[in-house]
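A.B. asks: There's a structure below that I have some questions on.
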Amino acid sequence: MTSQRTRNRLIQRLREEGINSEKVLDVMASTPRHLFLDEALAARAYEDTALPIGYGQTISQPYIVARMTELLLSRAKSLHRVLEVGSGSGYQTAILARLVDQLYSVERIGPLLEKARQRLRDLGIYNVELKLSNGGFGWPEKGPFDAILAAAAPASVPAELKQQLAPNGVLVLPVGNERQHLTVVTRREDSDQFDVETMEAVRFVPLLSGVVR
């Protein structure tokens with residue numbers, strides 16, 4: 001269930017669901033999702049579904065990972081400095097890291113962060129800097145960012161994250177409480193004005209405050 005053939009079936013499914021970026025599909029085809037799950041769930045790694053990773057968190061559905069990554073690549077003018085909010089198991093981190101120059105990733109749950117750190121190290125991914133932090137505040141010391149991707153849903157777009165975008169920077173995140181929608185926020189060049197696009201309905205864990213060590 002973790003063979004390349006199984007992975008390829010997932011990639012074909014993503015194509016059928018409308019993912020067009022060959023860059024994204026190639027990276028997902030060569031990234032071993034089963035390594036980002038506990039052994040008991042590894043056999044389900046290439047199903048197109050979200051799966052639990054502990055602490056009330058999930059590894060995102062592959063379609064959503066592909067869709068958010070594709071949006072980021074298509075909208076951002078540069079991918080030199082990128083922020084991820086919510087490292088989780090490290091799967092989305094691993095996908096992004098292979099498509100951007102430098103990735104900064106924050107996670108509020110310490111044990112998940114340490115597992116993600118080890119998995120990235122095992123895969124030889126070294127262009128990621130990880131931090132245990134309240135994700136909604138981002139990582140202002142490392143900004144401004146060309147792009148930000150958040151893997152948890154705030155009720156509204158956090159002002160802190162918008163202010164960490166560089167000119168023409170793009171923020172992709174789910175927004176909402178009971179009803180969530182994938183949202184793309186673009187900072188206008190040389191301006192504190194932002195353009196907001198609301199995309200398809202999604203379901204993510206909420207963006208919570210506080211750190212769990």
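Condition check ((1) in contact (Cβ under 8 Å) with a residue 24 or more places away in the chain; (2) of a type in the set (S, T, N, Q); (3) farther than 20 Å from Val24 by Cβ) across all residues:
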| site | (1), (2), (3) |
| --- | --- |
| Ser78 | yes, yes, no |
| Gln118 | no, yes, yes |
| Glu129 | yes, no, yes |
| Ser133 | yes, yes, yes |
| Leu149 | yes, no, no |
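A.B. asks: Could you list, in sequence order, the residues of the range 174-192 that are surrounded by fewer than 18 Cβ atoms within 10 Å (Cβ to Cβ) and over 17 Å from Lys77 (Cα atoms)?
C.D. replies: Within the range 174-192, Asn177, Glu178, Arg179, His181, Asp192 qualify.
A.B. asks: What do you reckon, is Ile95 within 18 Å of Arg33 (Cβ to Cβ), in contact (Cβ under 8 Å) with a residue 12 or more places away in the chain and more than 13 Å from the chain's Cα centre (by Cα)?
C.D. replies: no
A.B. asks: Still on this structure: Failed condition for Asp38, given (1) surrounded by fewer than 19 Cβ atoms within 10 Å (Cβ to Cβ); (2) touching a residue at least 24 places away in the same chain (Cβ under 8 Å); (3) within 26 Å of Leu208 (Cβ to Cβ), with all others met?
C.D. replies: (2)
A.B. asks: Only one of Glu178, Glu200 is at pLDDT below 95 and outside any strand (DSSP E or B); which?
C.D. replies: Glu178
The values are calculated or read from the model by the stated rules, or taken from the named source; none is laboratory data. For clarity, every value in this text was computed on a predicted model and none was experimentally measured. Positions of Cβ are backbone-derived with ideal geometry, glycine not excepted, and every protein chain shown enters the neighbour counts.
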